[in-house]
1. Those residues that are within 13 Å of another protein chain (Cβ to nearest Cβ) and outside any strand (DSSP E or B), I need them from segment B:73-118; list them, please.
2. Take the residues of segment B:44-65 that are part of a strand (DSSP E or B) and of a type in the set (Ser, Thr, Tyr): which is surrounded by the most Cβ atoms within 10 Å (Cβ to Cβ)?
3. Are any of the residues in segment B:23-34 within 11 Å of chain A (Cβ to nearest Cβ) and at pLDDT below 85?
4. Could you grab me the full set of residues in segment A:146-155 that are surrounded by 14 or more Cβ atoms within 10 Å (Cβ to Cβ) and either under 21 Å from B:GLU46 (Cα atoms) or free of Cβ contacts under 8 Å to residues at least 60 places away in the same chain (or both)?
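The values are calculated or read from the model by the stated rules, or taken from the named source; none is laboratory data. Bear in mind that the values here come from a model prediction, so they are computed numbers and not experimental data. Cβ placement follows ideal geometry from the backbone for every residue including glycine, while neighbour counts extend to all protein chains displayed.
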Amino acid sequence: MAYKQSPGRMNMPKTGRGVDTVALMTGTPAPLYQKTDALDGDEVPNYNETKGISAPSTATTTSSNKTYKETYGPAQEKKYGSFANYTAAADEWNANNPKKPTPSTTTTSETKNIKIGENTPNSVQTTAVNTLQNTKNKLVATTEARQLARKKDSVEDANKLIKSRARKNGKLTEKDMADAQAAGDRGAILKGVIANKQGNLGRSNESIMDIVKSISEKPSLD
Amino acid sequence: MKKLLLITALFITFITNAQHVSNLGGVWEATDNSTTYLTIITVDPEHKVTSVHNVSFDPAKEFYEHILGQAYDYLISTHYIKRNDYTIKSKLISIDKFTMKRVITGSANMTIFYKKII
């Protein structure tokens, strides 16, 4: 519903009502700490502070930008009689009433980076990059170490399986070898062993320990 | 018809991969100055997030977030700041490769958008 104001009934609200006039007059600067950081609850400093500088101008210009000729018109002619008289009167008036230099407000803004502790925004970014790189390197190293450990474990598991089956049954069947292969997830070497000893390992002249030894000596199975 | 299905499948793959959690890997900066922390997220070769690390201007303020779980396109983590008794649970959502959204609940409730800087 539109509000219709009766003319003269009440004044329009003044702008700035409720603002502390003393604060306005003293120009209280904005607080440095303005809000809290969302991630840790600390007060966040205004890192990019725009600083306003007001300085009086050193200009001592006393004359108007307009020339006498531009300001001379019928009214001046009527008052002074001629342009020469007007010019003389104007010169005299200006000499007696020097215009005070107007302190023009020159506002410059500069952005400065506040240094907190030992860090600046750039150094934080550098730290972040280094941390990321170090973490990545550590991750790659850890992954490689895990893979190596897995390979070692797989060889050891396969060897244990071969030994146990051989001791239990007296010989290795194709299934034993397949199980060993599955346990170790290894292809080439065990396949070679299978090819050589297929179905006949128990009667082979080569001892089980020799086979195990031959596998153990070749840990690179992939 | 086959071509249409193929194109649709490719398009769906493209769209879904754009939001994959592995896109969270990198250094992230908040776009709205709500936090001064840079968030560093590392992803392992199996495309799982392994760490969420936050660095700030003050080296003493660095902290890791505890990862509670992760799904296809988001990660849930939590952290506690003792000096302020400040507990935050975050849901880090991958919008695309260069945009991340963090929805925080707990001591503060808000949404922060990040852009990837590295």
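1. Selection gives B:LYS82, B:ARG83, B:ASN84, B:ASP85, B:SER107, B:ALA108, B:ASN109, B:ILE117, B:ILE118.
2. The residue in question is B:SER51.
3. Yes.
4. Selection gives A:LYS151, A:SER154.
Condition check ((1) within 14 Å of another protein chain (Cβ to nearest Cβ); (2) modelled with pLDDT of 50 or more; (3) surrounded by 13 or more Cβ atoms within 10 Å (Cβ to Cβ)) across all residues:
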residue: A:ALA23; (1), (2), (3): no, no, no
residue: A:ASP37; (1), (2), (3): yes, yes, yes
residue: A:TYR47; (1), (2), (3): yes, yes, yes
residue: A:THR71; (1), (2), (3): no, yes, no
residue: A:GLN76; (1), (2), (3): no, yes, yes
residue: A:TYR80; (1), (2), (3): no, yes, yes
residue: A:ASN85; (1), (2), (3): no, yes, yes
